[in-house]
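First up is the structure itself, then whatever we jot down about it.
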Amino acid sequence: MQEFIQQLANGITWGSIYALIALGYTMVYGVLRLINFAHGDVYMVGAFVGYYASHWLGISHSPGLGGAIVVVVAAMLISGLLGLTIERFAYKPLRKKPRLAALITAIGVSLLLENGGQLVFGADPKFFPQIILPKEIHLGSVIVTSQQLIVIASTILMLIGLQYIVQKTKTGKAMRAVSFNREAASLMGIPVDRIISITFVIGSALAGAAGVLVSLTNPKIDPIMGLIPGLKAFVAAVLGGIGNIPGAMLGGYVMGIAEVMVVGYVSSTFRDAIAFGILIIILVFKPTGLLGSPAAEKA
């Protein structure tokens, strides 16, 4: 039982990361009906921004919670700016084109970021500095680290903040209106282009934060580190019901827990395969996802 709870804690930690990345997929899909396959690479850029920021600001030599917050904010800002740039120059010109064109462009942007990352950051892996010193915390018979608790707490706070923005603010109301009917929202005076850009910025900022948070517990980073987590987060978004924010959160946690349990009780060989197994099952038995609902196709 103790081992199970320990694995569960590890699964929740990984699930938090998948949930943050999945939110970017689900927000963009909810507004544009676009699968932004470059999103996982924005997560990679966030990790590298955190790496360089921690060195340039000297936080790597004086670890602490305050410095870690600065690093996370820096990663969120740069990742948000990157998301805005991608939307403005790659997706906006294709907004009235067939969706296949945007999908192919998304794959192209992903490859550009991965190969560009190898040119800019170098192909060799780097090791993220310990901006927060690990400390073991005993919760009964279960041992967790302070870094794991920070990852989980940060994710929950960001998810609550995002849900508040979407449900309680004018910007969030505009997002929901654009998601429901883009043309009608435009006729009602909603600046559709600005709302779409804000959606990309928020989703990319969350992915950047995930890049730093995952580096706390898994410090090895490289330019293709976003490929597999990005695909798994996409599966998590589909699992929860893509376009549904609570669904993305639920899907992320289910994905993280399932992955860790398979590694702990079956074989590490199936660590990546479990994601695509879940995708097949959900598409066969409940294509709308756990919290999704059928919707009419929109032009």
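Some notes on this structure:
- Per residue, the Cα convex hull of the stretch 13-77 amounts to 93 Å³.
- Protection proxy ranking, peptides 142-153, 13-24, 57-68, 195-206, average beta carbon neighbours within 10 Å, highest first: 13-24, 195-206, 142-153, 57-68
- Sequence-separation-based contact order of the stretch 201-260, relative, with Cα cut under 8 Å and 6+ spacing, percent: 19
- Dipole magnitude of the stretch 81-230, debye to nearest 20 (Cβ charges: Lys/Arg +1, Asp/Glu -1, about Cα centre): 740
- Long-range tail of P(r) for the stretch 160-299 (Cα pairs > 21 Å, %): 53
- Applying a DSSP loop filter and a limit of 16 other Cβ atoms within 10 Å to the trypsin sites (Lys or Arg not before Pro) in the stretch 62-171 leaves R95, K96, K135.
- Magnitude of the charge dipole, the stretch 36-118, Cβ model with Lys/Arg +1 and Asp/Glu -1, debye to 20: 520
- For I78, I69, order by how many other beta-carbon atoms lie within 10 Å, fewest first: I69, I78
- A dipole drawn for the chain from +1 and -1 charges on Cβ atoms has a positive end, and of I132, Y91, S110 the residue lying farthest that way is Y91.
- Each Cα pair under 8 Å and six or more residues apart adds its separation to the average, and for the chain the resulting relative contact order is 37 percent.
- Think of the chain as a dipole: +1 on every Lys or Arg Cβ, -1 on every Asp or Glu Cβ, centred on the Cα centre; then among A174, G289, I21, A174 lies furthest on the positive end.
- Acute angle (nearest 10 degrees) that the helix 99-121 long axis makes with the longest principal axis of the chain, alpha-carbon atoms: 40
- The chain: angle of helix 192-217 to the longest principal axis, Cα-based, in degrees nearest 10: 10
- The charge dipole of the stretch 2-285, taken about its Cα centre with unit charges on the Cβ of Lys, Arg, Asp and Glu (plus for the first two, minus for the last two), comes to roughly 1060 debye.
- Value at 222 nm in deg cm²/dmol, rounded to 500, when DSSP H runs of n ≥ 4 in the chain each add -39,500 (n - 2.57): -23500 deg cm²/dmol
- Cα shape, the stretch 91-205, gyration tensor, a/c 1.5 rule: oblate
- One compactness figure for the stretch 55-155 is 1.50, namely its Cα radius of gyration divided by 2.2 N^0.38 Å.
- With Cα atoms defining each centre, the stretch 84-106 and the stretch 180-236 are spaced 15 Å apart in the structure.
- Which of R182, R271 has the fewest Cβ neighbours within 10 Å, and the rest in rising order: R271, R182
- Average Cα contact separation per residue, the stretch 100-194, under 8 Å, 6 or more apart, as relative contact order %: 10
- Of the chymotrypsin sites (Phe, Trp or Tyr not before Pro) in the stretch 218-299, those whose Cβ has at most 15 other Cβ within 10 Å and which sit in DSSP loop: none
- For the chain, the spread of Cα positions along each principal axis, largest first, Å: 57, 46, 37
Every number here is computed from the coordinates shown, using simple stated rules; none is lab data. The shown structure was predicted, so the numbers you read here are calculated from the model rather than taken from an experiment. In this analysis, Cβ positions are derived from the backbone assuming ideal geometry, glycine residues included, and neighbour counts consider all displayed protein chains.
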